[in-house]
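I have placed the structure first, in the form of structure tokens, so that the comments after it can refer back to it.
The values are calculated or read from the model by the stated rules, or taken from the named source; none is laboratory data. Computed from a prediction, not measured in an experiment: that's the story for all the values here. All Cβ positions, even for glycine, are placed from backbone atoms using ideal geometry, and neighbour counts span all protein chains on display. What goes into the accessible areas is simple: the full protein's heavy atoms, side chains included, and nothing from ligands, DNA or RNA. Shrake-Rupley method; radii C 1.70, N 1.55, O 1.52, S 1.80 Å.
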Amino acid sequence: MNIPANLKYTKDHEWISIEGDIATVGITDFAQRELGDIVYVEVETLDQTLDRDEVFGTVEAVKTVSDLFLPLSGEIIEFNDTLESDPELVNSDAYGAGWMIKVKISDPSQVDDLLSDAAYKELIGA
């Protein structure tokens, strides 16, 4: 299972890559495996400012629909439009082309609450 050391993680199985005050968010390799074949990603919160742990969208797999939780408070400034026509990118490239949103972080201190790769591995028993 792929759990890159350069990323941060949440207990809800999102990964976060941070550059300056912009965070890129997606779901982890573990999460996409658990969900199975992803058929739809919906984010209707573009240009909205949300608090950490609020639902920013949903991911739909063949057998289930799962909420996506915002790992850091901020404004959702970009959605990966490619996922509208090619949602299976989340399965095939969870940490690359399968990213979901970009967030302008409003409270940088929240980054300290995210999980390291080692803590995430411990959480999922990897």
Scalar couplings 3J(HN,Hα) for the stretch 19-35 by Karplus 6.51 cos²θ - 1.76 cosθ + 1.60 (θ = phi - 60°), nearest whole Hz, x for Gly and Pro, are 10, x, 9, 10, 10, 9, 10, x, 9, 6, 4, 4, 5, 5, 5, 5, 6
Expressed in angstrom and ordered largest first, the alpha-carbon extents of the stretch 1-70 along the principal axes are 36, 29, 17
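Take peptides 53-60, 27-34 and line them up by average Cβ neighbours within 10 Å, highest first, as a rough protection proxy.
On the way: 53-60: 17.1, 27-34: 20.0.
Ranking, from highest mean packing down: 27-34, 53-60.
What ranking do 1-10, 116-125 get when scored by the average of other Cβ atoms within 10 Å per residue, highest first?
Working: 1-10: 15.3, 116-125: 13.7.
Per-residue Cβ counts within 10 Å, averaged per peptide and sorted highest first, yield 1-10, 116-125.
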Amide proton proximity set for Asp93, modelled H, under 5 Å, gap of 5+: Gly98
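Which of the peptides 18-25, 72-79 is most tightly packed, and how do the rest follow, judged by the mean count of other Cβ atoms within 10 Å per residue?
Working: 18-25: 15.9, 72-79: 19.5.
Top to bottom by mean Cβ count within 10 Å: 72-79, 18-25.
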Given a 1.4 Å probe and every protein chain left where it sits, what share in percent of the accessible area of the chain is carbon and sulfur? 44 percent
Residues whose built amide H sits under 5 Å from the amide H of Gly57, excluding neighbours closer than 5 in sequence, are Leu68
Can you tell me how much longer the chain between Glu122 and Ile22 gets when fully stretched, taken as 0.36 nm per residue apart minus their C-alpha distance, in nm with one decimal? 33.3 nm
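Eigenvalues of the Cα gyration tensor times 5, then square-rooted: what semi-axes does that give for the chain, in whole angstrom, largest first? Can you show the working numbers first?
On the way: eigenvalues 80, 68, 29 Å².
They are 20, 18, 12 Å, listed largest first.
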HN-Hα J couplings of the stretch 65-70 from phi, Karplus 6.51/-1.76/1.60, θ = phi - 60°, integer Hz, Gly and Pro as x? 10, 10, 6, 10, 9, 5
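List nothing, just return the count: lysine pairs in the chain, 8 or more apart or interchain, with Cα separation under 25 Å. Let's see the in-between values first.
Details: Lys8/Lys102; Lys8/Lys104; Lys8/Lys121; Lys11/Lys63; Lys11/Lys102; Lys11/Lys104; Lys11/Lys121; Lys102/Lys121.
So the count works out to 8.
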Can you give me the distance in nm between label points at Asp37 and Asp112, each placed 7 Å from the Cα along the Cα-to-Cβ direction? 4.6 nm
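Using only DSSP helix segments of four residues or longer, with each worth -39500 (n - 2.57), what per-residue ellipticity at 222 nm results for the chain after dividing by its residue count and rounding to 500? Don't skip to the answer; put the middle values down first.
On the way: 4 runs with 23 residues, N = 126.
About -4000 deg cm²/dmol.
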